Structures are given as structure tokens and as C-alpha cells.
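Written out below as C-alpha cells is the structure these notes cover.
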Amino acid sequence: MSNAFTNAWGWSVRRSPLMMLWRSFRGLLHPNKDAFALLDAATLPEPVDGVIRTTIARTRLWRDERAQVARELIAHAQDAIDAGRDPKQVAETFGDPRRVARLLRRSMKRKRPLSWQLYRFSRRAVGVMFLVLFVVYIAVVVRFYTSEPDIKVDYAAMLNDRYAHYPEDQLSWPVIMETSLEWSKAAHVLESQQEQRIHSLPEEQQYEHMTGISLFPQVPSDHPDYQPIARAVRDMAPQLAQLRDAAARPALGFPIGYEVTETEWNGRKFTSGIIPATENDFKNRSLMEVRLAHLGPIRQLSNVLIFDARLAIDEGDSARATQNYIAILGLARQARSEPFMISELVGIAIHMSAIREIERQVRDHPGLLNRTRLIELAHIHAEAMKERAYDFDLEQLMFEDLLQRVYSDDGQGDGRLTPEGLEHMGLIMGDTADLGESYVTDAINMDARIRAATRPLTRVFSASRAEESALYNSVMETASRVTERGPEWIAIMDEQELIDAKLQSEGNPIRFSFAGMMTPALGSAIDTLFKYRQYCDAFSLMLGIESYRLEHGRLPDDLDQLSPKYVPQLPQDLMAPGSVIRYLSDQESSGYLLYSVGSDGNDDGGRLISDESRSRFSREEQSFRVRYRQAYDRSTHEPLFEPSGRPVIAEPQGPDADWILIDTRPESDDPQAP
């Protein structure tokens with residue numbers, strides 16, 4: 001029993017992984033040691049011994065296999081010598097050592113275990129696979145470096161044609177740029193003077209004071225810089241009169257161009273206009289490079305009009321103040337009429353600033369607006385609201401313009417990624433401080449030769465031109481559908497999830513998509529649009545309430561008294577489907593409150609978020625994306641939809657407070673007072 005155990009133990013030790021590793025390592029160091037030891041012991045004649053040694057060395061077999069071959073060759077040689085044959089003849093009968101070694105190697109390999117046979121097969125398969133991949137890679141490289149984009153469509157010219165039928169005196173942009181230039185000069189002088197005033201203060205006080213121009217137009221009347229600013233604005237009276245006239249024109253008409261014109265004055269350069277795009281500019285300049293030099297001036301001049309309206313109210317000139325508000329609403333309408341989404345957002349911001357300013361002045365100066373002025377404001381406000389919400393068509397044109405610069409064109413609306421396209425995308429997404437060569441593959445710094453070798457692989461792992469176009473258009477169509485159907489559909493508006501879901505549904509092994517990179521933050525933009533609509537609805541109600549007060553000498557008891565005489569119909573609370581905006585009045589103070597239930601969906605009686613939570617939760621209180629979160633199946637985690645296709649909305653999780661839209665009540669010390 002002990003012998004059997006000893007033998008078994010010895011067998012397991014000899015075949016243990018550690019011993020096998022040792023034998024393999026030893027065989028690599030001295031592969032012929034055992035075989036040559038057998039030859040030394042056999043003492044064969046020199047010619048025979050030399051041939052066998054050479055043959056064994058050329059077999060390139062494992063160490064034990066060489067020893068086995070040595071035994072067989074020694075036995076054959078010994079038999080021939082014992083038979084009386086001459087050693088030289090015996091050596092000659094072996095033949096060419098190289099050929100014999102090759103035959104012996106094949107024979108011994110056939111005797112190796114199955115595991116080694118599988119290893120050899122897999123290694124050969126891997127080799128074949130790498131060969132195929134190399135051939136494919138060469139084909140990809142050739143196709144990649146021989147393809148180039150074909151830029152055919154001048155989208156800038158298409159955009160400029162929008163205003164071809166307008167006479168020059170019906171376009172407002174020349175007046176806007178001229179007035180902006182004059183105000184920029186005045187603001188530059190004010191800024192220099194006010195900075196000198198700050199620097200004249202003791203050093204410890206300099207950081208405690210801000211220049212009035214940096215606070216403009218919210219400059220307190222007791223600020224040291226208020227009067228100089230007021231004089232500068234009054235001096236702009238002729239230009240502001242022209243601006244009010246221009247704001248009533250039907251269109252902005254700002255030309256599409258890639259370079260601005262500048263005017264140098266008092267050691268500083270000011271933007272004064274735009275150089276319209278020429279016939280061949282589109283070959284080298286994309287729509288993404290268009291300079292929207294009018295947006296800054298429009299925002300700037302709307303602030304000047306707000307400040308001038310305050311001056312007019314202080315001077316008892318409510319007519320001029322109303323004209324300024326109407327002009328601001330006109331500028332908002334013109335900005336929103338431009339096809340760029342950023343223009344729409346700027347127009348919304350200008351419109352909102354006018355609403356906030358009018359709300360403030362109505363609170364501070366009851367009876368400021370007479371019946372005629374209320375009607376004028378209501379008319380212009382309604383005209384501004386009629387502008388189409390977000391022109392996604394232009395966003396699609398911009399993406400198509402990008403595709404024609406990045407992809408080749410097969411004449412059928414499709415194409416593949418090009419070297420010039422990668423360079424173009426790199427310049428768009430790269431650091432603007434370094435406009436040298438920049439590519440998408442520069443995410444990791446690498447040698448130029450490696451980069452040149454790896455760039456063609458982006459063609460393999462990217463979508464085709466047609467796929468990118470379809471992907472981007474599907475997202476834009478979803479965004480358009482959400483804006484048309486209302487805020488309850490905003491739950492489906494997550495642009496990145498839409499793109500990922502589209503790729504997964506098609507089983508496409510794409511690692512990245514330019515559509516995903518270039519799609520704007522549509523969910524946030526649409527959320528802003530719905531907020532804007534809610535504020536505009538509340539402002540329409542405010543104008544109706546003020547008209548009712550003028551006629552009846554008191555506030556309405558409820559909103560039903562306004563419809564249909566003062567407002568065509570009561571606007572909906574977009575946070576509470578089926579309900580109207582809430583109204584609270586205080587006949588004693590002649591103030592009132594218009595509010596929405598907010599993102600929690602509950603009416604809290606017009607209660608504000610507490611001061612402690614306001615900075616953290618005020619945005620969530622007004623967020624339709626918080627109010628209308630999509631419900632998910634608990635088991636599959638898939639989004640839920642009604643049979644009609646409408647998303648199933650989860651239980652609201654917004655802050656426990658209401659969203660204040662309009663508040664003309666006297667300011668209270670209690671921020672939570674209803």
C-alpha cells in the first residue's frame with residue numbers, strides 16, 4: 001500500500017504545474033542536453049555521431065522529444081555498425097540532416113497531446129484572422145485617404161434669401177447696430193470714469209464697491225454713478241426714438257456673414273456690423289461659424305430701454321415708458337423671428353425682462369398704465385408670442401451643412417467619413433486657444449505616425465452620412481413633437497437617451513456618433529420654452545386684471561370675471577393639466593398674486609420656497625422636467641407609455657411650494673406669506 005501511495009505521489013509531483021513549468025524552462029535553456037548525453041554514452045563513430053547531433057539540433061523539438069529521437073537514431077546507427085557497415089556509409093544513408101530533421105519534427109508533433117494540437121490550431125486561426133484584419137485595414141486606409149467631402153449647398157445664401165422681399169426701411173438691424181455703437185461708446189466713457197472713481201478710494205474700500213455700469217440697468221438711484229448714467233441715457237434720446245421706430249418693423253434682417261466690421265474709437269474697437277457672406281464663402285466656412293453679432297446689441301439696447309423707462313416714470317412720462325416697453329417686446333419678437341435657436345433664447349430672455357420690469361412698475365406705481373397703453377402692450381405682447389417656437393429646421397440645416405463637410409457624397413444621400421471631416425470636427429470641438437491641427441482622435445496625445453495609422457479606424461466605428469442624418473432628424477422631430485403637444489410630453493425629451501436608444505434598436509455597433517456630439521441640449525431648451533409660455537400667459541392675465549381695475553375701480557374677485565371681455569380665455573396652469581393659473585387678490589393693498597402649483601403638482605396657496613431652500617430648489621420648482629418625470633416598469637426598468645403613445649407620468653417629486661408668476665403685492669417681510 002505504501003509503495004502504491006509513494007508511486008502515486010511521485011507521479012503527481014512529476015506532473016504538477018510547477019514541475020512542468022520547470023521542465024519547460026529547463027528545456028528552453030538546454031534543449032539538447034539529454035539527447036547529447038545519450039550520444040556521449042553510445043560512443044558512436046565520429047561521422048555518425050556528428051550527423052545525428054546535427055539532425056537533433058535542427059528538429060527544434062521539446063527536450064524529451066529530442067532525447068526520444070536520439071534513442072531511435074542511435075539504435076538504427078548501432079544496428080548498421082554491428083552489421084559491419086562502414087561508419088561513413090552509415091552517415092551518408094541518413095541523408096540531408098535538414099530534411100530528416102523536418103520529417104522527424106512532423107512525426108513527433110503528430111504524437112503530441114490533444115491540448116497542444118488545439119493550441120496550434122487556435123494559434124494558426126489567430127494568425128489567419130490577423131492577416132484578414134490587416135488586409136481589411138489596408139482597404140480601409142486606402143478608402144479613407146482617397147475620399148474627400150463634396151461641399152455643394154450654400155446654406156448661408158438660402159438663409160439670406162429670407163429677407164430678399166423686404167425693403168431696406170423695413171429691416172431694423174442697421175438702426176440697432178448704429179444705436180448700439182453709440183451706446184457702447186458712451187458706456188466705455190462711463191466705465192473709464194467709474195473705474196477711476198473706484199481707484200481713487202482707499203485700497204481697503206475698492207473691493208467693496210462696484211461701478212454703476214457693471215450693475216446696469218439695475219443701478220440703485222442712490223448709487224454714486226446713477227446720475228452720470230442717467231445723463232448718458234438722456235443724451236441718447238434721438239437714437240432711442242429711432243430704435244423704438246425700428247423695433248416696430250416687421251423683420252430684423254441681419255445678414256448672414258462670417259466676419260464683423262469694427263469701428264475704432266478712443267483706443268478701443270467696437271463691433272459695428274457684419275460683412276455679408278459672398279458667393280464662395282460657404283466652401284470654406286460652415287453655418288456654425290456664422291457671426292450672430294446682433295444678439296449682444298439687442299440685449300444691450302433692451303437694458304437701455306428699461307433704464308430709460310424708469311427715468312420716464314420718475315419724470316411722470318408714462319407714455320414714454322410704455323413706448324419703451326413696447327419697443328422691448330418688439331425687439332424680443334424680432335430676435336425670436338431669427339431661425340437660430342440661440343436667437344430664440346435671447347428673444348425669450350428679452351421678453352421676460354420686459355415682463356418682470358412691467359410687473360415691478362405696476363407694483364410700485366399702481367395706475368401707471370391707462371386703458372390705451374394696456375391695449376397697446378397686450379397687442380404687442382400677443383404678436384411676440386405668435387412667433388414660432390424653435391425653428392428646428394435650421395438646426396437640421398446646420399447639421400446637414402456639417403455632414404457635407406465631414407463626409408463624402410455618393411450621390412444618393414450617403415457617404416463615409418473623410419480625413420478633412422475629422423480635421424473639421426477637431427477644429428470645432430478642440431481648444432480655441434490652439435487652432436493648429438486637431439482631430440477627434442486627439443483625445444489621447446500620441447505620436448503623429450500612430451495617429452495617422454489610427455485615424456482611418458474612426459471610419460469603421462462611426463455611422464454613415466445617411467445614418468447620421470436620420471439619427472439627428474429623428475431627435476429633432478421628437479423635439480418638435482414635444483413642443484407642439486405640450487409639457488406633459490417633455491418626459492420623452494432626453495436627446496442623449498433618444499440617440500442611444502435609436503442605435504440599440506438598429507443593432508448598430510457604433511462606438512460614437514456625430515449626431516450625439518452636435519445635438520444641442522434640447523430638453524433644457526424646451527423646458528425654458530414652456531416656462532416662457534407660462535410667464536407670458538400670466539402676463540396676459542395681469543394686463544386683463546389691470547384693465548378690469550381701471551374700468552371697475554377694484555380687482556376682480558376671481559379670474560372668471562375677466563373672460564371673455566378682458567382675456568379671450570383663461571390660460572392653463574401648465575403644471576396642473578385641466579386647471580387654470582391660480583389667483584389671489586388683496587383688495588386692501590390693491591395687490592394680487594398669479595401663481596402655478598409648481599413641480600410638486602399641489603396647490604400650496606401661493607406659498608414660496610423658504611429662504612433656506614430657495615437657492616437650492618427654486619429651479620426645480622419651475623422645472624417641467626421635474627414635474628413630468630416618466631414612470632418606469634419596476635421589473636424591466638423600461639419606460640411606460642399609454643396605449644395612445646403618451647408617456648406615463650410618475651408621481652411628482654418637486655419642492656413643496658408654489659411657482660410665483662406675477663406678484664404685485666407690497667413686499668412682505670415674510671417670504672412665505674401667501
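The values are calculated or read from the model by the stated rules, or taken from the named source; none is laboratory data. Quick caveat: nothing in here was measured; it's all calculated off a predicted structure. Using ideal geometry, Cβ is built from the backbone for each residue, glycine included, and neighbour counts are taken over all protein chains shown. Quick note on the areas: whole protein, heavy atoms, side chains included, nothing else; ligands and nucleic acids left out. Shrake-Rupley method; radii C 1.70, N 1.55, O 1.52, S 1.80 Å.
Laid out as a table, the results:
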quantity	calculated
Test: Asp364 is open to solvent by 40 Å² or more (accessible area, probe 1.4 Å) and either outside the structural domain of Ser547 (by TED's automatic domain parsing) or not charged (D, E, K, R) (or both)	yes
Members of the stretch 298-326 found to be of a type in the set (S, T, N, Q) and in contact with an Asp or Glu (Cβ under 7 Å, 6 or more places away or on another chain), listed by number	Thr322, Asn324
When residues of the stretch 246-295 are limited to those that are within 20 Å of Ile151 (Cα to Cα) and small (Gly, Ala, Ser), the one surrounded by the fewest Cβ atoms within 10 Å (Cβ to Cβ)	Ser286
Matching entry among Leu368, Leu331 (being more than 30 Å from Ala157 (Cβ to Cβ) and aliphatic (A, V, I, L, M))	Leu368
Index of the failed condition, Ala319 passing every other in (1) outside any helix (DSSP H, G or I); (2) of a type in the set (A, V, I, L, M); (3) exposed (fewer than 15 other Cβ atoms within 10 Å of the Cβ)	(1)
Evaluation of Gly347 against (1) under 24 Å from Ile526 (Cβ atoms); (2) without any contact (Cβ under 8 Å) to a residue 60 or more places away in the chain; (3) open to solvent by 10 Å² or more (accessible area, probe 1.4 Å) (one fails), failing number	(3)
Arg356 vs. criteria open to solvent by 40 Å² or more (accessible area, probe 1.4 Å), at pLDDT 90 or above and within 28 Å of Leu543 (Cβ to Cβ)	yes
Residue match in the stretch 122-140 (condition: touching a residue at least 12 places away in the same chain (Cβ under 8 Å), more than 30 Å from Leu215 (Cα to Cα) and not assigned by TED's automatic domain parsing to the domain that holds Phe254)	yes
Residue list for the stretch 151-192, filter: surrounded by fewer than 16 Cβ atoms within 10 Å (Cβ to Cβ) and among the aromatic types (Phe, Trp, Tyr)	Tyr166
Selected residue (criterion: surrounded by the fewest Cβ atoms within 10 Å (Cβ to Cβ)) from residues of the stretch 565-613 that are of a type in the set (Phe, Trp, Tyr) and more than 19 Å from Asp656 (Cβ to Cβ)	Tyr566
Residues (in contact (Cβ under 8 Å) with a residue 60 or more places away in the chain, open to solvent by 50 Å² or more (accessible area, probe 1.4 Å) and closer than 18 Å to Asp600 by Cα) located in the stretch 640-660	Ile649
Selection status of Asp281, touching a strand residue (DSSP E or B) at 6+ places or on another chain (Cβ under 9 Å) and modelled with pLDDT under 95	yes
Filter result for Arg98 (open to solvent by 80 Å² or more (accessible area, probe 1.4 Å), assigned by TED's automatic domain parsing to the domain that holds Leu61, of a type in the set (Lys, Arg) and touching a residue at least 24 places away in the same chain (Cβ under 8 Å))	yes
Hits in the stretch 166-207 - residues which are in contact (Cβ under 8 Å) with a residue 24 or more places away in the chain, over 30 Å from Arg336 (Cβ atoms) and charged (D, E, K, R)	Arg197
